[in-house]
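The values are calculated or read from the model by the stated rules, or taken from the named source; none is laboratory data. Keep in mind that what you see is a predicted model, and the values were worked out from it rather than measured. When we count neighbours, we look across all protein chains shown, and the Cβ atoms used for this are built from the backbone with ideal geometry, even at glycine.
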Amino acid sequence: MGWVEDLFDGPYAGHSLELAEDSERNEREAAFIIGELGLERLDRVLDLACGHGRHAMCIAPKVGSLLGVDRTRAYIDYATNWSQGLGLENAEFVLSDMRELDYDGEFDAAYNYFTAWGYWDDETNLDILRRVCRALKPDGRFLLEFIHRDALMRRWSPKNWRQIDDALLLEENSFDFTTGRSINRRTYIQGTKRHEIVIELYMPTADTLVRLFVQAGFTAVRAVAAPTGDELTYDSFRMAVIGHRPADSQ
Ligand SMILES: C[S@@+](CC[C@H](N)C(=O)[O-])C[C@H]1O[C@@H](n2cnc3c(N)ncnc32)[C@H](O)[C@@H]1O
């Protein structure tokens with residue numbers, strides 16, 4: 001099993017539900033997405049790696065239609081039930097791998113939020129950005145929200161402990177500066193049981209991610225602090241890069 005499968009399908013996958021239930025945070029982040037993407041009443045929107053649908057639930061009522069895609073069946077089921085409970089008839093959630101995203105000119109806007117990219121080799125990471133660009137209508141917008149590496153480095157913590165329900169989580173972090181990859185070794189300790197996941201994430205700086213967007217075909221690319229939209233500083237722990245599919249693209 002690779003780390004992506006273990007993290008999202010494995011025995012400790014459930015704790016991310018806490019995040020889904022933080023409605024104040026979800027509303028704040030959704031307002032940021034809506035503002036930065038300039039979402040309008042009739043827009044068709046893609047939530048790429050939607051997870052439990054915590055942003056989709058806030059955004060769908062404000063747009064024409066929303067498609068959430070994710071590779072994790074439990075999250076898609078959760079999002080589908082949640083949207084049905086809210087009576088959202090314009091939202092659909094589909095089990096799908098973003099590496100196979102295959103739309104052309106379908107969406108007015110798309111977003112990928114909370115470190116849901118960078119899990120693969122350089123070629124695949126770039127290919128996903130190309131696929132997203134193609135999925136947009138001419139002048140469609142894409143927002144990718146991610147860790148702001150330069151700020152992370154300022155407060156780099158090689159080791160920390162956290163309590164996750166009744167398990168203790170030890171995180172040991174290292175960084176490969178030649179590849180731009182962080183290695184996060186997680187050890188979950190629950191009684192006498194131990195479970196280890198090693199997460200290897202490509203973590204580009206803001207300027208590199210901007211260049212990757214350009215390489216993938218986006219134009220008018222900019223980077224801001226998330227979820228405020230302010231200028232990036234050494235203290236902005238998270239960033240968003242926003243780009244447009246060229247208005248004259250076929
Ligand atoms: C850190 S979570 C973020 C989820 C959501 N955007 C949020 O903010 O709560 C990363 C998400 O990426 C999804 N994911 C991982 N690999 C994927 C892939 N190849 N295709 C689609 N989704 C994927 C996971 O299932 C998970 O829901």
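Restricted to helices (runs of 4 or more DSSP H) entirely inside the stretch 1-96, those with at least 2 residues that are more than 13 Å from the ligand (Cβ to nearest atom) are 23-37, 73-85.
Taking residues in the stretch 73-98 that are among the polar types (S, T, N, Q), and partners anywhere that are assigned to a strand (DSSP E or B), the pairs with Cβ atoms closer than 6 Å and at least 6 places apart or on different chains are Thr80/Phe93; Ser83/Ala91; Asn90/Ser65; Ser96/Val69. With (1) touching a strand residue (DSSP E or B) at 6+ places or on another chain (Cβ under 9 Å); (2) within 16 Å of the ligand (Cβ to nearest atom) as the list, and Leu126 as the residue in question, which single condition is left unmet? It fails just one condition, (1). Of the set (1) surrounded by fewer than 16 Cβ atoms within 10 Å (Cβ to Cβ); (2) charged (D, E, K, R); (3) within 20 Å of the chain's Cα centre (by Cα), all apply to Glu200 but (1). Of all residues in the stretch 197-250, those being hydroxyl-bearing (Ser, Thr, Tyr) and assigned to a strand (DSSP E or B) number 2. Could you check, for the stretch 5-21, whether at least one of its residues is of a type in the set (Asp, Glu) and closer than 21 Å to Ala91 by Cα? Yes, the stretch 5-21 has at least one match.
Condition check ((1) within 11 Å of Ala110 (Cα to Cα); (2) modelled with pLDDT under 95; (3) polar (S, T, N, Q)) across all residues:
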site	(1), (2), (3)
Gly10	no, yes, no
Ala13	no, yes, no
Ser16	no, yes, yes
Leu19	no, yes, no
Arg25	no, no, no
Ala30	no, no, no
Gly35	no, no, no
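Within the stretch 103-112, being in contact with a helix residue (DSSP H, G or I) (Cβ under 7 Å, 6 or more places away or on another chain) and either assigned to a loop (DSSP other than H, G, I, E, B) or within 13 Å of the ligand (Cβ to nearest atom) (or both) holds for Tyr103, Asp104, Glu106, Ala110, Tyr111. Taking into account only those residues within the stretch 149-179 that are in contact with an Asp or Glu (Cβ under 9 Å, 6 or more places away or on another chain), not charged (D, E, K, R) and not in a strand (DSSP E or B), which is farthest from Gly35 (Cα to Cα)? Of everything passing the filter in the stretch 149-179, Pro158 is farthest from Gly35 (Cα to Cα). Output the residues belonging to the stretch 1-54 that are among the small types (Gly, Ala, Ser) and crowded, with 21+ Cβ neighbours inside 10 Å. Within the stretch 1-54, Ala30, Ala49, Gly51, Gly53 meet the criteria. For the stretch 32-69, enumerate the residues that are in contact with a helix residue (DSSP H, G or I) (Cβ under 9 Å, 6 or more places away or on another chain) and of a type in the set (Lys, Arg). Correct list: Arg41, Arg54, Lys62. The C-beta contact set for the stretch 100-118 (first residue farther than 27 Å from Thr205 by Cβ, second residue β-branched (Val, Ile, Thr) and buried (at least 17 other Cβ atoms within 10 Å of the Cβ), distance under 8 angstrom, 6+ apart or interchain) comprises Phe107/Val45; Asp108/Val45.
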